[in-house]
Structure formats: C-alpha cells, structure tokens
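Worksheet: the structure to be examined is printed underneath.
The values are calculated or read from the model by the stated rules, or taken from the named source; none is laboratory data. Here the structure is a predicted model, which is why all the values come from computation and not from measurement. Neighbour counts are summed over all protein chains in view; Cβ atoms, including those assigned to glycine, are modelled from backbone coordinates with ideal geometry. Heavy atoms of the whole protein, side chains included, go into the accessibility calculation; ligands, DNA and RNA do not. Shrake-Rupley method; radii C 1.70, N 1.55, O 1.52, S 1.80 Å.
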Amino acid sequence: MSASGGTRAIVAALGANLAIAASKFVAFAFSGSSSMLAEGVHSVADSGNQALLLIGGKKAEREATPQHPFGYGRERYIYAFLVSIVLFSVGGMFAVYEGYEKIRHPHDLEHWYWPVGVLLFAIIAEGFSFRTAIKESNELRGRLSWSQFIRRAKAPELPVVLLEDFGALIGLALALGGVGLSLLTGDGVWDGVGTVCIGVLLVVIALVLAAETKSLLLGEAAGVEEVRRIEAAVVDGDTVTGIIHMRTLHLGPEELLVAAKIAVQHDDTAAEVASAINAAEARIRTAVPIARVIYLEPDIYSEADAAKGPDREATPGGPARHPVEP
C-alpha cells in the first residue's frame, strides 16, 4: 500500500483489536455479560476488517494485465466495501440479536470486576489506535473537516479505521454504561439495552461506510483542486488554445485517468499537434503526479459542438461528426 500512514493505522488497529477481543471473551466467560459477548464479536469483526484492508492493499499492487489494462487499484475499494458488510452483519446484527435475547431473558452479572476491568483496558487500547488514525489522517486532510475528509478521501483505509475506532470507543462507553446500570439496579435488562445500542451504532457506521465505498466503486472524479491544476496544465496558449471538454476518473486511490478533447489551431500540422499533446501530457503529470493514464484528442473548437458535450461524436445510428472548421 503506497499510503504508509494508512498501513500504520491499520496495523495499530489490528493489534489493539486482537488484544481487546481476547480480553472481552475472557470477561464474558466469567461474568456472562451479553455486552461483553457483543463487544468481543465486534472486536473480532474489526480484526477481520483490518485484515481485509491489508489484503486489498496488497492485491491492488498487482501489475496491469491484458484482461485488466487499467490495473487493480480498485481492489482497495472492493475490500473496503466488504468491511462494511462484515461490520453490518457480524458486528451490528449479532449485537442487536444478542441484546434482544438478553432483554427477554435477563440474568445477574457475575464477577462484575471482569467486564469493568476489560472495558477500561479496551478504552485505553482503542484510544491508542484512534489516536494513530487521527495523526495519520491529519497529514492528508489539510483544512477539510472530518466529515469532508471521510466523504472526499479517495483512499478508503483511513476513513474506515477512523469510523471503526470511533464506533468502538462509543460502543465501549455504551457497554460500560449497560454493565454499570445493571450493577447499580440489580437488573440485567440494562446489559441487554447497552448491547442493542452497540448493535444499532455498528449498523449506522456500516451503512455510512457502504455509501462512501459504493461511490468509490462506481468511480469518482478528481478533486476540485486537482481538476483546476490539470486544466491549467493542458493549455499552453499556443498550439493548445483551450479545453472543449474533459473527464477524470479514479482508477484507484493513487491512479487517475484523464480524458480530454482539446482545441488546437486549424492550420497546425500533425507534427505540431502531436508535439503539443506530448508536452501537455508531461505538464499534467508534473501538476498532478497521480494522473497516470492520459488521453488527449485534438479538435477544432466549435461553440455549437462544444455545447453538445463529450458524446457528440457518438450519434446513434449516424456517422461520427467531424470537427467543424471556422
């Protein structure tokens, strides 16, 4: 994975979740707390999610093939989407079911100090993981708010880890509240209520992750700033006089496709146009290094044809339109 910060955050979260999962299951075995069981399953699901992110990052590094000429960069999006499914099904729905069963058949907690001690340990460990994710994300998000960063980030790993760790901390607080209320009131129903709240929280986070990764899978354009730099790099004011239309598409978090129809002078020779295109591609790669696949098509600018958009050549049932010379 080229984003080393994302890898560090994933590894930190994986180590924390494995340790926390083991401690939660021990606490469940001694206390019978459904919150502990739900939180243990949650931590196992999170550990599996981090493993999926690491696998996706590794698979995305494969070279392009004739069957997949644009490479495998979107593997990272696919595995991030799988994370949302695992979090929804294994984490969220299991917790809701377990909490419902505990509300129906409550029982007193035994050895209460086990769940309380484990929850406090888990909060510290998750806090360390969350701190790492925040530190690595701050290097990338710039002036964006946290919600903007999660919505606009093209690399899915850091937003996934951020939301997972945030959800884990809130879930631990809910579990601690459920256990505490059960101890104070002597009613095990509160343990089940806390478990249901954990499940609902995980379902909401999973839906947010699914929506964001779905957008990445469908294909997102370059950011506003990147588009501005590309547009400025294309035009040289001499041979390339303007951009008729342009489309960008992320083939992966660190790979961008740029396709544009550019306006050239009607009396330029083919050699001059070819040289101008090569120069424009070099300028684009300098301005936006992740623009690795570039297609520039020269044309004679026509205001009427430009208004028709990028599909004006593909008229159904008719011949391709030729550039209109002034």
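Key figures for this structure:
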quantity: Considering residues of segment 208-226 that are in a loop (DSSP other than H, G, I, E, B) and in contact (Cβ under 8 Å) with a residue 60 or more places away in the chain only, the residue surrounded by the fewest Cβ atoms within 10 Å (Cβ to Cβ); calculated: GLU220
quantity: Selection count where residues are surrounded by 19 or more Cβ atoms within 10 Å (Cβ to Cβ) and modelled with pLDDT of 90 or more, scope segment 227-239; calculated: 3
quantity: Close pairs from segment 64-84: first touching a residue at least 12 places away in the same chain (Cβ under 8 Å) and surrounded by fewer than 18 Cβ atoms within 10 Å (Cβ to Cβ), partner in a loop (DSSP other than H, G, I, E, B) and not aromatic (Phe, Trp, Tyr), Cβ under 8 Å, at least 6 apart; calculated: PHE70/ALA64
quantity: Which numbered condition ALA206 misses (of (1) in contact with a Leu (Cβ under 9 Å, 6 or more places away or on another chain); (2) over 18 Å from GLY92 (Cβ atoms); (3) at pLDDT 85 or above; (4) of a type outside the set (Phe, Trp, Tyr)); calculated: (2)
quantity: Among (1) assigned to a helix (DSSP H, G or I); (2) surrounded by 20 or more Cβ atoms within 10 Å (Cβ to Cβ), the one test that ALA271 misses; calculated: (2)
quantity: Residue count for segment 243-261, restricted to those that are open to solvent by 30 Å² or more (accessible area, probe 1.4 Å) and either among the small types (Gly, Ala, Ser) or not in a strand (DSSP E or B) (or both); calculated: 2
quantity: Of residues in segment 176-203 being farther than 18 Å from MET93 by Cβ and hydrophobic (A, V, I, L, M, F, W, C), the one most open to solvent (accessible area, probe 1.4 Å); calculated: LEU184
quantity: Test: residue in segment 288-302 that is modelled with pLDDT under 90, of a type in the set (Gly, Ala, Ser) and crowded, with 16+ Cβ neighbours inside 10 Å; calculated: yes
quantity: Filtered residues of segment 108-148 (kept if among the aromatic types (Phe, Trp, Tyr), over 15 Å from ALA9 (Cα atoms) and surrounded by fewer than 21 Cβ atoms within 10 Å (Cβ to Cβ)); calculated: TRP112, TYR113, PHE121, TRP146
quantity: Verdict on ALA173 being open to solvent by less than 40 Å² (accessible area, probe 1.4 Å) and either touching a residue at least 12 places away in the same chain (Cβ under 8 Å) or over 15 Å from ALA16 (Cβ atoms) (or both); calculated: no
quantity: Qualifying residue in segment 229-240 (condition: at negative phi, outside any loop (DSSP other than H, G, I, E, B) and of a type in the set (Ser, Thr, Tyr)); calculated: no
quantity: Residue within segment 165-174 that is under 30 Å from ALA222 (Cβ atoms), at pLDDT below 85, in contact with a helix residue (DSSP H, G or I) (Cβ under 7 Å, 6 or more places away or on another chain) and assigned to a helix (DSSP H, G or I) present; calculated: no
